[in-house]
Amino acid sequence: MPESVEFQLNGQPCHWPLDDQMLLLDALRQEGCQGTRFGCGLGQCGACTVQVNGQAVQSCDTRLWQVRHASVVTVEALHGDVPHPLLQAFEQEQAGQCGYCLTGILMSAKALLEHNPNPTDTEIRKALDGNLCRCGSHLRILRAVKRAAAQLRAA
Ligand code: FES
Ligand code: FES
């Protein structure tokens, strides 16, 4: 029986045949999580960011075998029964232009707010340092993360 890689994907068990070269990004997209985007493929833009055991991780820079037995969360999880406040905050602040960077930014922001519910501007900038936005929406993104943080603290 071939070896496999088991992990949790958005709370559901997921199994893949072991392939040393398979990237987490490719497996996720083939699983239908196409909000996880391919940007640079070099670990430099953040478009492919997901959470692995709560940490923001660039899935283009992660082999599938590295997430064995881990919990992987993609942007699709933000659209649950109750949408994550980050979604509304990004919409209210009109934080996206082309939107290509946003799914990765949302995941970096989600990981930040789970560890730090009241981040300073500097802490938000540092957490999003690995996420590029070619449209220059950085200030609106910053405001959206602060708005979501306030909504989460008030909930
Ligand atoms: S596509 Fe992964 S960091 Fe750019
Ligand atoms: S909104 Fe276009 S790259 Fe960020």
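The values are calculated or read from the model by the stated rules, or taken from the named source; none is laboratory data. On a predicted model such as this, the values are computed, not experimentally measured, just so you know. Here the Cβ positions follow ideal geometry from the backbone for every residue, glycine too, while neighbour counts run over all protein chains shown.
Some values worked out for this structure:
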item: Residue count, the stretch 121-155 (criterion: in a helix (DSSP H, G or I), among the aliphatic types (A, V, I, L, M) and touching a residue at least 12 places away in the same chain (Cβ under 8 Å)); result: 9
item: Candidates Gly41, Gly46, filtered to the one that is in a loop (DSSP other than H, G, I, E, B) and more than 23 Å from His115 (Cα to Cα); result: Gly41
item: Any hit, the stretch 58-68, residues being more than 18 Å from Leu128 (Cβ to Cβ), in contact with a strand residue (DSSP E or B) (Cβ under 6 Å, 6 or more places away or on another chain) and surrounded by 18 or more Cβ atoms within 10 Å (Cβ to Cβ); result: yes
item: Any hit, the stretch 93-113, residues being over 16 Å from the mean Cα position of the chain (by Cα), away from ligand 1 (no atom under 15 Å from the Cβ), assigned to a helix (DSSP H, G or I) and of a type in the set (Asp, Glu); result: no
item: Single residue of the stretch 1-14 satisfying the filter (exposed (fewer than 15 other Cβ atoms within 10 Å of the Cβ) and modelled with pLDDT of 95 or more) that is nearest to Lys110 (Cα to Cα); result: Gly11
item: Selection from the stretch 73-97 of residues that are surrounded by fewer than 14 Cβ atoms within 10 Å (Cβ to Cβ) and over 25 Å from Arg134 (Cβ atoms); result: Gly80, Asp81, Val82, Pro83
item: Output for the stretch 58-96, where each listed residue is within 17 Å of Gly11 (Cβ to Cβ) and free of Cβ contacts under 8 Å to residues at least 24 places away in the same chain; result: His79, Gly80, Asp81, Val82, Pro83
item: Hey, Gln34 surrounded by fewer than 16 Cβ atoms within 10 Å (Cβ to Cβ), in a loop (DSSP other than H, G, I, E, B), away from ligand 2 (no atom under 16 Å from the Cβ) and free of Cβ contacts under 8 Å to residues at least 24 places away in the same chain or not; result: yes
item: Close pairs (8 angstrom Cβ cut-off, 6 or more residues apart or separate chains): of a type in the set (Lys, Arg) in the stretch 1-29, buried (at least 18 other Cβ atoms within 10 Å of the Cβ) anywhere; result: Arg29/Thr36
item: Per-region count, the stretch 1-18, residues part of a loop (DSSP other than H, G, I, E, B) and either in contact with a Leu (Cβ under 7 Å, 6 or more places away or on another chain) or within 16 Å of ligand 2 (Cβ to nearest atom) (or both); result: 2
